[in-house]
Amino acid sequence: MYNFSTNKRGKELSDWPTMAITLFACLLCWVIGYVYSVGFPLADGNTILPVWERLCNTLSSITIAYIVGLLLFMLIAYIIQRISDIEMFIHHRTRLPFMIFILLISTNAGLLPVGGTTIVLLCSIFMIYELFNSYQQPEATGALFNAGVFVGVASLFTPQILLIAPLLWVGMYQFRSFSPKSFIASLIGILIIYWFVLAWCIWQHDFSMFALLYSSITDFDFFDINLKYHQIGIVCTILLFVLAFVYIRVNAFNNSVRVRQMLSFLFNISIWPLFLILLYGKSSDTFLAMSYLPSSVLIAYLFESIERRLRFILYYSMLALWVGFYMLRVWNFS
């Protein structure tokens, strides 16, 4: 018992130098973005959704926008870390899910400082949390209703997120929480948001919001992906995800049934945004960010399972690569 505690503590402490370097690199990216006003002004374009447009009015200062964006992304990273710890996805105590997520976000200039994508990510992580809470509970209608509400709220900022709703029902089936009552509860959770939107439109005598939501969903750009050289980091992220997928599949029986099912759901919700990128090429940053949520856990699982020296080389190579491509992208913006 004494040896186990000592090793566990040593493992925990070994994360802190890496976390300090990661946070410094991420903060550097945010400072550079702030200096070059990356992503500002927030409400830039004629097709901005009304809900986000109203929020943009409260974030008219670039300083406030960057502070709010950084705090929200840190909150999302913390929630990912807590879910990973609670569900024990990774056998060793580590802060890698937190570090990988905040690094992926901070080195994607298309997501800075804050946007509708930030709200979508926050809603998505709470949706995943509520779904996990319904594990093997067919009568967990409250949790699944909440999950549906989060999907509905997220769709007000990115309407295409409604296409991810079927994954919620697939997850319910995987976790044995699917039943007629739970399905209807999740469906009502999604629809209730649009009932409020309908009531607002009737009150305002203006249904343009519904028209904009509909046009956003049906505005397809099949395979219209313009991948530039400074976005090669995206390809590296996908390669890491594929490696994690293969490793976890090969070593699946090292985990409990609960963890295997949850990791399988994380795989599904990682891959689905990539299909949305193929459908809506011009919104690639938004959907790529959706894949960051589960991918950060899966990549962390891979890193914690490989030899320590190889993990050190791979992680810091990844950090240098992503930060370098971020600098190139900011240079293109300026």
Boolean, Ala143 is over 28 Å from Phe220 (Cβ atoms) and among the small types (Gly, Ala, Ser) = yes
Which listed residue, of Phe196, Phe183, Phe207, is at pLDDT 80 or above and over 29 Å from Thr141 (Cβ atoms) = Phe207
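Restricting to the stretch 32-48, what's the tally of residues that are modelled with pLDDT of 75 or more and assigned to a loop (DSSP other than H, G, I, E, B)?
Taking the stretch 32-48 as the starting set, the residues that turn out to be modelled with pLDDT of 75 or more are 32-42.
Filter again for assigned to a loop (DSSP other than H, G, I, E, B), leaving 36-42.
Looking only at that region, the number is 7.
So that you can scan it fast, the table gives a plain yes or no per residue for (1) in contact with a Phe, Trp or Tyr (Cβ under 6 Å, 6 or more places away or on another chain); (2) closer than 19 Å to Pro50 by Cα; (3) among the β-branched types (Val, Ile, Thr); (4) not in a loop (DSSP other than H, G, I, E, B):
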| residue | (1), (2), (3), (4) |
| --- | --- |
| Gly142 | no, no, no, yes |
| Asn146 | no, no, no, yes |
| Leu162 | no, yes, no, yes |
| Phe178 | no, no, no, no |
| Ile184 | no, no, yes, yes |
Among the residues of the stretch 304-324, is there at least one that is within 22 Å of the chain's Cα centre (by Cα) and under 30 Å from Phe175 (Cβ atoms)?
-> yes
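What are the residues in the stretch 126-142 that are closer than 23 Å to Leu72 by Cβ and either of a type in the set (Ser, Thr, Tyr) or over 19 Å from the mean Cα position of the chain (by Cα) (or both), if any?
Result: Tyr129, single match.
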Here are some residues: Phe73, Phe150. Which one is of a type in the set (Phe, Trp, Tyr), under 19 Å from Trp30 (Cβ atoms), crowded, with 24+ Cβ neighbours inside 10 Å and modelled with pLDDT of 90 or more?
-> Phe73
Has the stretch 261-282 got at least one residue that is of a type in the set (Ser, Thr, Tyr), within 20 Å of the chain's Cα centre (by Cα) and under 28 Å from Val35 (Cβ atoms)?
-> no
Here are some residues: Ile299, Ile277, Ile271. Which one is closer than 17 Å to Thr237 by Cα, out of contact with any strand residue (DSSP E or B) (no Cβ under 8 Å at 6 or more places or on another chain) and free of Cβ contacts under 8 Å to residues at least 24 places away in the same chain?
-> Ile271
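The values are calculated or read from the model by the stated rules, or taken from the named source; none is laboratory data. Worth saying up front: this structure is predicted, and the values here are computed from it rather than measured. We place every Cβ from the backbone using ideal geometry, glycine too, and count neighbours over all the protein chains shown.
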